[in-house]
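Q: Okay, handing you the structure first.
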Amino acid sequence: MSRVSIALSFAAFVAAITPAAAADMYGSNSRAPSSNYGYSDGGSSPAQQWAGGYAGAQVGYGWGEHGINGAQGGVFGGGNFAVGTNIVLGGEAEVNVSGQERASVIAGGLVKQSSSWNGALRARAGVAYDKVMPYASVGIAIADDTVKAFGANDTSTKVGYQLGAGVEGKISDRVSLRGELVHTGFGKTNHVANWATVGSNVSTTTLRAGAAYKF
C-alpha cells in the first residue's frame, strides 16, 4: 500500500471514530449532545469556538522515499472561520527543520542524501464536535533536496503538494493539541556530482504532534 493510500485510509478512520470519541468525553453515564454537541458557551456554536487566529509548534518523524528518514520540528500559524454550526474552514502556514538523511555507497563512493528544512501553505477543513475537531488539509509544499557525493555538493529547492488528515482537541479555551499524518510529494531530482548523476526524492510521509494557542 502506498503512503498516499495510507494517509487517505487514516482520514477515513478519523472520520469514523470521532463522533464516538466526542460522546465519550461526556462520560459513560451521559448522553452525547446532538444538534450543537453541547456547546453553550456564550451561545456560540461548536464551529465558532474554533474560529480565530492561532500559532503553535510541532514535532514528528518523517519516512522519505529511498530511506531518507529523520525527525522534524517546527512552527505553524493560521486562522479558522466557522461555516454553519459545525464546519470549520481555514488556512495555515508552517516551516520545519528536518534531520532526514540517508548514506549509501554508489560506485565505490559515499553518497549522502538529505533534506534539512521544509514548509507548506495549506487549506484546512474540519468538523467541530464540541472540543474535538477531525480535519483534512491540502496545500503546496517546499523542501530542500541535497546530495553530497564524490567531492561535490548539489542542492535544489523542490516545490510539490501536501495532503494531510488529523484530529485536534481543546484542553482549554485557548490551548489545543493535535496529531496528524501528512504526505508531501516532490518527485525525483537528478543531481550532478562531478562525473556522476545521482537521483534523489525527498517525498515524505510524516507522523507528528503539535500544540497551538488561539489568540
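Q: Would you mind stating whether PRO33 is outside any loop (DSSP other than H, G, I, E, B), out of contact with any Gly (no Cβ under 9 Å at 6 or more places or on another chain), surrounded by 14 or more Cβ atoms within 10 Å (Cβ to Cβ) and at pLDDT below 90? Break it down into steps so the answer makes sense when it comes.
A: Values: outside any loop (DSSP other than H, G, I, E, B): no; out of contact with any Gly (no Cβ under 9 Å at 6 or more places or on another chain): yes; surrounded by 14 or more Cβ atoms within 10 Å (Cβ to Cβ): yes; at pLDDT below 90: yes.
So PRO33 fails the test.
Q: Filter region 55-72 for residues that are of a type in the set (Val, Ile, Thr) and in a strand (DSSP E or B) and give the result.
A: Residues of region 55-72 that are of a type in the set (Val, Ile, Thr), as a first pass: 59, 68.
Within region 55-72, just VAL59 meets the criteria.
Q: Among the listed residues ALA123, ALA143, ALA196, which satisfies the condition of being among the hydrophobic types (A, V, I, L, M, F, W, C), surrounded by fewer than 22 Cβ atoms within 10 Å (Cβ to Cβ) and either farther than 24 Å from LEU89 by Cα or free of Cβ contacts under 8 Å to residues at least 24 places away in the same chain (or both)? Can you show your working first?
A: Values: ALA123 fails: either farther than 24 Å from LEU89 by Cα or free of Cβ contacts under 8 Å to residues at least 24 places away in the same chain (or both); ALA143 fails: surrounded by fewer than 22 Cβ atoms within 10 Å (Cβ to Cβ).
Residue meeting the stated conditions: ALA196.
Q: Follow-up question, since we're still on this one. Can we say ARG124 is under 20 Å from TYR61 (Cα atoms), part of a strand (DSSP E or B) and basic (Lys, Arg)?
A: Working: under 20 Å from TYR61 (Cα atoms): no; part of a strand (DSSP E or B): yes; basic (Lys, Arg): yes.
Against the criterion (under 20 Å from TYR61 (Cα atoms), part of a strand (DSSP E or B) and basic (Lys, Arg)), ARG124 does not qualify.
Q: Still on this structure: Give me the pairs, please: first residue somewhere in region 162-191 and under 16 Å from GLY52 (Cβ atoms), second residue anywhere and at pLDDT below 95, beta-carbon distance under 7 Å, and either six or more positions apart or on two chains.
A: Final answer for the pair search is LYS170/LYS131.
Q: Limited to region 85-109, what total is found for residues that are part of a strand (DSSP E or B) and touching a Ser or Thr at 6+ places or on another chain (Cβ under 8 Å)?
A: Filtering region 85-109 for residues part of a strand (DSSP E or B) gives 87-106, 109.
Cutting the leftovers down to touching a Ser or Thr at 6+ places or on another chain (Cβ under 8 Å) gives us 92, 97-102.
Looking only at that region, the number is 7.
Q: Additional query: Any idea which residue in region 86-115 is farthest from ARG208 (Cα to Cα), counting only those that are buried (at least 16 other Cβ atoms within 10 Å of the Cβ) and among the polar types (S, T, N, Q)?
A: ASN86
The values are calculated or read from the model by the stated rules, or taken from the named source; none is laboratory data. Small disclaimer: the values here were computed from a predicted structure and weren't measured. We place every Cβ from the backbone using ideal geometry, glycine too, and count neighbours over all the protein chains shown.
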